[in-house]
Each structure stands twice: as structure tokens, then as C-alpha cells.
Amino acid sequence: MRTTQGQYMISRGSRDIFVTQDELRRRARSGLLAPSDLVFHPRLGRWLYAHEVAEVAEELRRARQLGRAAPPENTVVVPVNGSAVAGLVLGLMGYIPFVGLVLSGLGLYLSGRGLMVAQQHLGSGHRLSVAGLIVSLAFFLPQLCAAALLLSL
């Protein structure tokens, strides 16, 4: 693949176009050049992804950030309540025979811990913790009865 001196080739799908370095930068600034487009670099003599071409890397980075909304200045970021999430997931896994008793028991513990964490972090994960408690109890009690029945045999 030979291009004329200073000519870049952009390939997207089955379409190839020749552009100058200025045109390549203009396309990157305006969003017409995707980071995943293939670009034939005339000085390197090989194909690169557009985000790998040093001449347009900065323009591509700016174009990606251009369409994003700026975060509000006085926002409060509420952390994710990992205990609540884990409690719900383990509670849902309580239906698994034999190990469900242990998993739903861990779900109960983590959901309770998630409720305590929710009080400290502006209520983050409160509903998730309550759902984890309900689901964990719904699977824990039948698993406990089944385990007691099996042990009595």
C-alpha cells in the first residue's frame, strides 16, 4: 500500500479515503474520525488505529470529552453499599440445595450490615438491604427446616 507523501488513508468499513494531516486533524476535532478507524500512516508505513496516531491523539481525546455533560459543582457522591449488594446476591443464591443454608445465612449477615452502612451513608443501599433481608429469610428458613429434617433421619 503506497500513499503519496504526506497523505494519510482512513479506512472505515469498506470505504477508504485519502486526507492530508490537516484534514485528519479537522476530522478528529469534529468527531468524524472514530478512535477505532484504521489510519495508514505515511511516515511509519503501516496501519494504526486512529487513537494510536500521535498527530491526532489530543484532538480525539478532546472530541470524546466534548459531548459529555460537565458534572454539577456541588454534587454529593454517595458511595455504593457493597454489603447490601452482596447480601442480596447471596440471599438469592440461597435456593441452591445444601449450600443454600450457608449462603442465605451470609446474605442475612451482610444485609444487616448493609442496613448499618446505609444509616451512615445517607441511606445508600437501604432498600437493597431490606430486599436482601427478605430474600435471605425466605430461603434461609426452608433450608434450615430441610437441614433439621435431614439430620433427624
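Computed from the coordinates by the stated procedures, all read-outs in this text should not be read as laboratory data. This one's a predicted model, so the numbers in the text were calculated from it and none came from an experiment. A quick note on method: Cβ atoms are made from the backbone with ideal geometry, for glycine too, and the neighbour counts reach across all protein chains shown.
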Rounded to the nearest 10, the angle in degrees between the Cα long axis of helix 100-120 and the longest principal axis of the Cα atoms of the chain comes to 70 degrees
Using a Gaussian network model of the chain with C-alpha springs under 10 Å, which one of Ser14, Ser30, Ser136 is most mobile by mean-square fluctuation? Ser14
Sites removed, the longest contiguous part of the chain containing no DSSP-loop GluC sites (Glu not before Pro) with at most 16 other Cβ within 10 Å is 74-153
Viscosity 1.567 mPa s, 4 °C: Kirkwood-radius Stokes-Einstein D of the chain over Cα pairs, µm²/s: 64 µm²/s
Rounded to the nearest 10, the angle in degrees between the Cα long axis of helix 21-30 and the longest principal axis of the Cα atoms of the chain comes to 30 degrees
I want to verify a result. In a Gaussian network model of the chain, Cα cutoff 10 Å, which of these has the top mean-square fluctuation: Gly13, Gly94, Gly132? Gly13
Sequence-separation-based contact order of region 82-152, relative, with Cα cut under 8 Å and 6+ spacing, percent: 41 percent
Kirkwood-based Rg/Rh on the Cα set of region 8-66 evaluates to 0.92
Least to most buried among Met9, Met116 (fewest other Cβ within 10 Å first): Met116, Met9
